[in-house]
1. Residues that are among the hydrophobic types (A, V, I, L, M, F, W, C), at least 3 per element: which helices (runs of 4 or more DSSP H) completely within the stretch 33-80 meet that?
2. Quick one: in the stretch 124-167, of everything that is part of a loop (DSSP other than H, G, I, E, B) and free of Cβ contacts under 8 Å to residues at least 24 places away in the same chain, which residue is surrounded by the most Cβ atoms within 10 Å (Cβ to Cβ)?
3. Looking only at residues that are open to solvent by 20 Å² or more (accessible area, probe 1.4 Å) and in contact (Cβ under 8 Å) with a residue 24 or more places away in the chain in the stretch 36-56, which one is nearest to ALA68 (Cα to Cα)?
4. Here are some conditions: (1) part of a helix (DSSP H, G or I); (2) open to solvent by less than 30 Å² (accessible area, probe 1.4 Å); (3) aliphatic (A, V, I, L, M). ILE99 meets all but one. Which one does it not meet?
5. Between a residue in the stretch 59-72 that is surrounded by 10 or more Cβ atoms within 10 Å (Cβ to Cβ) and any residue that is among the basic types (Lys, Arg) and part of a helix (DSSP H, G or I), which pairs come within a Cβ distance under 6 Å, given they are 6 or more apart or on different chains?
6. Looking only at the stretch 141-184, which residues are among the polar types (S, T, N, Q) and closer than 16 Å to THR98 by Cβ?
7. Say we look at the stretch 1-35 and pick out the residues that are among the small types (Gly, Ala, Ser) and either closer than 30 Å to GLN146 by Cα or open to solvent by 60 Å² or more (accessible area, probe 1.4 Å) (or both); which of these is nearest to the chain's Cα centre (by Cα)?
8. Among (1) among the aliphatic types (A, V, I, L, M); (2) over 16 Å from the mean Cα position of the chain (by Cα); (3) farther than 21 Å from ARG120 by Cα, which single condition is LEU155 missing?
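The values are calculated or read from the model by the stated rules, or taken from the named source; none is laboratory data. This is a predicted model, so every value here is computed, not measured. Ideal geometry is used to build each Cβ from the backbone, glycine not excepted, and the neighbour counts take in all protein chains shown. Just the protein is used for accessible areas: all its heavy atoms, side chains included, with ligands, DNA and RNA removed. Shrake-Rupley method; radii C 1.70, N 1.55, O 1.52, S 1.80 Å.
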Amino acid sequence: MGDIDDALERAGREKFTREPPKTLKGKIGYLMRRLGSTRAVAAEVGVSRRSVERYLKGERKRPPRAIADRVDDAVRARWQPRVRQRARRQAAAATGITIETRARFGYSAPAGTTDDGRYRRLTVHLPPQYARRLFDARDAGAGDAQLRHIVAEGLQEIYFKDGGRRADGLEVELNDIDYFDVSF
C-alpha cells in the first residue's frame, strides 16, 4: 500500500462510532462471529487453530507483537463497514475531502515562470468529484501512482490554479511525500 491508500484507510477508521474490542479475547470473538470458524480466523491471522482456541478461551492473553498487530488489523478492516461506507458516500456526493500533506511538488509551467520543484505543506479541501474519483480508483485496485495523479490534479485545480483564476497552463506532480493525511 502507498501513502495515499494508507491515508484513505485511516480516514475511514476515524469515522467509527464505537471503538472496536480492546482485549484479545474480544477481538478473536469478533473475528469468530464475522468469519465463522477457528480455521478461518487462524488463516486470517496466521496462527494455528489451537492458538485461536486458546485466545478465545482466554488461556493466552499476550501473543507476540506481530500476531497482535495482525489480529488488530483484521478486526479494524471489518469493524463498522456500513459506517465507513456512509462516510465515503457522503464525501463523494456532498462534502468532499480534506488533504493535508507535506510533499515536493514538481511543475511544468509556461516559459518565463519557475518550474523548480519544492516542498510545500498544504491543507486543501477538495470537492466531492475528486473524492469520488479517488474512492472509485482505490476500489478498482489503482496503484499509488494513479492515486497520486488524482490528488495532484485536485490540488492543481483547487490550490495552484485557484479554480481557473490563475496559473493557466500549470501542470503539477506530487513527488516525495513526507506526510499525507486525509479526512472526510
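1. 38-45, 65-78
2. Restricting to residues being part of a loop (DSSP other than H, G, I, E, B) and free of Cβ contacts under 8 Å to residues at least 24 places away in the same chain, the top hit is ALA142.
3. Among those that are open to solvent by 20 Å² or more (accessible area, probe 1.4 Å) and in contact (Cβ under 8 Å) with a residue 24 or more places away in the chain, it is GLY46.
4. With (1) part of a helix (DSSP H, G or I); (2) open to solvent by less than 30 Å² (accessible area, probe 1.4 Å); (3) aliphatic (A, V, I, L, M) applied to ILE99, the lone miss is (1).
5. ARG60/ARG54; VAL71/LYS27
6. Hit for the stretch 141-184 is SER183, nothing else.
7. Per the stated criteria, the residue is ALA7.
8. So the condition that LEU155 fails would be (3).
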